[in-house]
Amino acid sequence: MIELLIVVAIIGIISAIGIPVITGILEGIKEKSAQTSLQSIYLAEEEYKSINKQYYIPSGGCGDQTSIINTNLFDGNITLENDNYRFCISGSTTNYTATAYRQKTGGTNFTIKHNKEKNF
């Protein structure tokens, strides 16, 4: 019986240490995915500008534009999929800021601008 209690205690200690570590790793993966998506938006905007002589700016303010970006900027070839972040592009035809904003409160938002200035 004592052996069983010791095993249960060890499992409890490992769980208490392991769960926060795994959660931190998963958060880092989600953030990196959002940053990679912003870099994809940057590249697509540069290609769009080289063809159309202006940047692509969706109408309607900077709400959740993820599906609009997938359809209009990426032509459906690339899909921004991140359950934790939403994406929007704001600005004008000569400059823009693309934002990945966290759905959950307390998360980090990331941006990249037309001049490749970014906060990540």
Qualifying positions in region 79-91 - touching a Phe, Trp or Tyr at 6+ places or on another chain (Cβ under 6 Å) and assigned to a loop (DSSP other than H, G, I, E, B): Leu80
Only listed residue being loosely packed, with under 10 Cβ neighbours inside 10 Å, in a helix (DSSP H, G or I) and not hydroxyl-bearing (Ser, Thr, Tyr), chosen from Ile51, Ile14: Ile51
Residue among Ile29, Ile78 that alone is within 18 Å of the chain's Cα centre (by Cα), at pLDDT 90 or above and either within 16 Å of Asn109 (Cβ to Cβ) or of a type in the set (A, V, I, L, M, F, W, C) (or both): Ile29
Residue check, Thr105 surrounded by fewer than 12 Cβ atoms within 10 Å (Cβ to Cβ) and either out of contact with any strand residue (DSSP E or B) (no Cβ under 6 Å at 6 or more places or on another chain) or modelled with pLDDT of 95 or more (or both): yes
Qualifying position, being of a type in the set (S, T, N, Q), within 24 Å of Thr108 (Cβ to Cβ) and modelled with pLDDT of 95 or more, among Ser40, Ser67: Ser40
Region 53-78 residues that are under 15 Å from Leu43 (Cβ atoms), paired with ones that are part of a helix (DSSP H, G or I) and of a type in the set (Ser, Thr, Tyr) (beta carbon under 9 Å, 6 or more apart): Tyr55/Tyr48; Tyr56/Tyr48; Leu73/Tyr48; Phe74/Ser40; Ile78/Ser37; Ile78/Ser40
Filtered residue count, region 92-120, keeping only those that are farther than 30 Å from Thr23 by Cβ, part of a loop (DSSP other than H, G, I, E, B) and not small (Gly, Ala, Ser): 7
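The values are calculated or read from the model by the stated rules, or taken from the named source; none is laboratory data. Keep in mind the model is a prediction, meaning the values are calculated, not measured. Methodologically, a virtual Cβ is constructed for each residue, glycine included, from the backbone with ideal geometry; neighbour enumeration extends over all protein chains shown.
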